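One structure below.
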Amino acid sequence: MAWAYTELAELSLAKPQYGANAKAAAPEPNDPKPNYLRITDIDDCGRLVGIDRKVADLVETDQYRLNEGDLLVARTGNTVGKSYLYDPADGDCIFAGYLIRFRINQQKILPKLALYFTLSPAYKNWVQSKKRVGGQPNINGAEYSTLKIPYPEGFPEQHRIIEILDQADALRRKRREADALSERILPALFHRMFGDVVSNTNQWPIKPLGEVSESRLGKMLDKGRDGGVSPKSYLANLNVKWGEFDLSNLRTMDFSEKDQTEFKLEDGDVLVCEGGEVGRSAIWRSEITDVYFQKALHRVRVDRQSLTPEYYQMYMKAMAENNGFDKHVGIAVIGHLTGVKLKKLPIPTPPLELQLEFSKNYIQIQNLDANGRSSSKHLETLFQSLLRRAFEGRLTANWRETHAELKEGLQELEHQAKA
């Protein structure tokens with residue numbers, strides 16, 4: 001059952017309003033000023049991150065104060081289109097200039113339903129088609145006003161759709177929270193077993209990395225890298241994430257037989273980013289075969305009598321997160337960790353038995369994390385499917401009565417959230 005589309009301007013009580021053009025500042029102790037919401041305070045699910053409270057350097061705040069039912073959308077930057085529905089539980093809030101407020105007319109549409117539309121595939125496609133690219137992607141208030149939202153006119157039906165989407169959203173958030181908790185376990189275990197490796201609080205013997213490993217940069221990019229006699233897939237900086245690889249977009253380049261010997265990867269090799277986010281690294285587990293690496297990456301092959309790949313990878317993560325590269329690489333060249341600098345990097349070397357114990361736990365935790373990430377992706381797919389059905393008018397009362405897959409879908413969401 002298709003619904004009529006209504007422009008956001010017709011669903012609003014006032015014209016779109018841009019936020020305050022004021023600097024954000026850290027609040028004083030017991031500061032009574034309202035929270036100052038910026039784009040960075042909003043996550044991809046339409047909720048506040050809630051980590052870094054700021055207030056505005058502003059005397060008059062009433063015109064920017066949020067009321068229940070106010071919908072904010074981001075108008076510029078890489079997060080253009082991001083949205084947030086104000087909840088009084090988030091405290092007294094005003095909003096910044098890169099956000100636009102729409103005051104939803106609750107006599108026509110429930111604000112929560114409008115928010116859910118801004119999380120739907122249809123909305124994301126609209127954003128991609130509308131954003132203007134100049135210095136940064138941009139959608140202004142007038143353009144947002146033309147956004148057409150499909151919805152049922154009856155409030156009972158709106159409530160029922162929101163109830164279904166709330167249930168699905170709660171389950172995917174539960175899974176995300178579990179994933180976030182899981183991501184903190186490994187660094188905590190590493191610190192408990194080895195202390196602060198950046199300052200070496202446990203006073204382990206220190207050796208230059210070059211004494212306990214072999215390392216080299218990958219192959220220089222060729223101009224005609226997509227062709228050649230023997231095109232092979234290769235890993236680049238963008239393929240290396242912390243502790244894992246993104247193998248979905250591998251590029252190819254010509255690798256001669258000599259190149260294939262020189263730049264081959266073995267199980268347990270650690271690939272380290274030379275530039276960008278210096279030190280970002282992951283352990284190669286032979287996920288696929290016949291793949292090599294290019295010059296933006298170091299291949300570090302540790303001496304297994306001195307280091308384990310798992311200990312070394314977490315050491316690099318600790319260094320990156322605690323500015324450990326600054327004094328060794330230098331602020332002026334922090335963007336590039338050269339091969340010479342990498343070999344000179346001082347690394348604490350705890351007893352191998354202790355490292356092996358950590359590695360065993362590392363592998364178990366990584367396997368659990370991988371399962372969790374897979375579950376999260378599946379949950380997101382199912383949630384997006386429900387959103388699509390909702391705004392195509394396919395979650396109506398008659399449809400729900402005759403389609404068992406809705407119940408099965410929600411059960412699947414719950415099962416995946418617990419996985």
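Read-outs throughout are calculated quantities, based only on the coordinates presented, and are distinct from any laboratory measurement. What you see is a predicted model, and the numbers here were worked out from it, not measured in a lab. Ideal geometry is used to build each Cβ from the backbone, glycine not excepted, and the neighbour counts take in all protein chains shown.
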For this session: Enumerate the amide H contacts of Arg251 below 5 Å, restricted to partners 5 or more residues apart or on another chain; note that Pro and chain-start residues carry no placed amide H.
Result: Tyr234
Seminar exercise, completed: Computed ³J(HN,Hα) along the stretch 282-297: with the Karplus parameters 6.51/-1.76/1.60, θ = phi - 60°, integer Hz and x for glycine or proline, the list is 8, 9, 6, 10, 6, 4, 9, 9, 6, 10, 10, 9, 10, 5, 6, 10
For this session: Report the full-extension gain for the segment Asn361 to Ser230: residue separation times 0.36 nm, less the Cα-Cα distance, to one decimal in nm.
Result: 43.2 nm
Problem set entry | Among 7-15, 270-278, the order from most to least packed when residues are scored by Cβ within 10 Å on average | 270-278, 7-15
Problem set entry | the stretch 205-349 - share of DSSP beta bridges that are antiparallel (%, nearest 5) | 85
Exercise. For the stretch 1-76, which chymotrypsin sites (Phe, Trp or Tyr not before Pro) are in a loop by DSSP, counting at most 11 other Cβ atoms within 10 Å?
Worked result: none
For this session: Pairs of Cα atoms under 8 Å, at least six residues apart: use those to get the relative contact order of the stretch 205-349, whole percent.
Result: 34
Problem set entry | Separation of alpha-carbon centers, the stretch 142-181 and the stretch 69-103, rounded to whole Å | 16
Exercise. Which length gain, in nm to one decimal place, applies between Gln128 and Asp62 when the Cα-Cα distance is subtracted from 0.36 nm times their residue separation?
Worked result: 20.4 nm
Exercise. Taking the simple approach of a point 7 Å from Cα along Cα-to-Cβ for both Val340 and Arg173, what is their distance in nm?
Worked result: 5.4
Exercise. Calculated from DSSP H runs of 4 or more alone, at -39500 (n - 2.57) each and per residue, what is the 222 nm mean residue ellipticity of the chain, nearest 500?
Worked result: -11500 deg cm²/dmol
Problem set entry | Cleavage-rule hits, GluC sites (Glu not before Pro), the stretch 315-394, DSSP coil, Cβ neighbours within 10 Å at most 12 | none
Problem set entry | the chain: relative contact order as a whole-number percent, Cα under 8 Å and 6+ apart | 17
For this session: Write out the GluC sites (Glu not before Pro) in the stretch 126-212 meeting two conditions: DSSP loop, and at most 12 other Cβ atoms within 10 Å of their Cβ.
Result: Glu153
Exercise. Put +1 on the Cβ of every Lys and Arg and -1 on every Asp and Glu Cβ in the chain; which of Val229, Val73, Gln167 then has its Cα farthest towards the positive end of the dipole?
Worked result: Val229
Problem set entry | Relative frequency of Cα-Cα separations exceeding 29 Å in the stretch 1-151, percent | 15
For this session: For the pairs Lys343/Lys377; Lys33/Lys377; Lys264/Lys317; Lys232/Lys341, note any where the Cα-Cα span goes beyond 31 Å.
Result: Lys343/Lys377; Lys33/Lys377
For this session: With both partners inside the chain, how many of the DSSP beta bridges are antiparallel, as a percent to the nearest 5?
Result: 85
Exercise. Quick one: if you stick a label point 7 Å off each Cα along the C-beta vector at Ile206 and Asn140, how many nm between them?
Worked result: 5.7
Seminar exercise, completed: The long-range amide H neighbours of Leu37, using H built 1.01 Å from N in the peptide plane and a cut-off of under 5 Å, are Ile94, Phe95, Ala96
Seminar exercise, completed: With x for Gly and Pro, the residue-by-residue ³J(HN,Hα) of the stretch 70-81, computed from phi through the Karplus equation 6.51 cos²θ - 1.76 cosθ + 1.60 at θ = phi - 60° and given in whole Hz, is 6, 10, 9, 10, 7, 9, 8, x, 5, 9, 3, x
Exercise. Using the scaling law 2.2 N^0.38 Å as the reference, what is the normalised Cα Rg of the stretch 31-111?
Worked result: 1.05
For this session: Determine which residues of the stretch 338-378 fall in the zone a paramagnetic label at Asp267 would reach in this model, i.e. backbone nitrogen under 16 Å from the point 7 Å along Cα→Cβ.
Result: 360, 363-364, 367
Problem set entry | For the stretch 152-199, fraction of C-alpha pairs farther apart than 14 Å, in % | 69
For this session: Rounded to whole Å and ordered largest first, report the semi-axes of the equivalent ellipsoid of the chain derived from its Cα gyration tensor (root of 5λ).
Result: 46, 26, 23
Problem set entry | Where labels lie 7 Å past Cα in the beta-carbon direction, separation of Thr252 and Asp52 in nm | 4.3
For this session: Using R₀ = 56 Å, calculate the FRET efficiency as 1/(1 + (r/R₀)^6) where r is the Cβ-Cβ separation of Tyr5 and Ala188; round to 0.05.
Result: 0.65
Exercise. When a footprinting reagent is the concern and you count Cβ atoms within 10 Å, what order do Asp31, Asp70 take, fewest first?
Worked result: Asp31, Asp70
For this session: Output the Kirkwood hydrodynamic radius of the stretch 205-349, Cα pairs only, in Å rounded to one decimal.
Result: 15.4
Exercise. HN-Hα J couplings of the stretch 18-34 from phi, Karplus 6.51/-1.76/1.60, θ = phi - 60°, integer Hz, Gly and Pro as x?
Worked result: 7, x, 6, 9, 9, 6, 8, 9, 5, x, 6, x, 6, 5, x, 5, x
For this session: Using a 10 Å Cβ count of at most 12 others and DSSP loop calls, identify the longest part of the chain lacking such trypsin sites (Lys or Arg not before Pro).
Result: 24-222
Exercise. Stretched out fully, how many nm does the piece from Phe155 to Lys327 gain, at 0.36 nm a residue minus the Cα gap?
Worked result: 55.8 nm
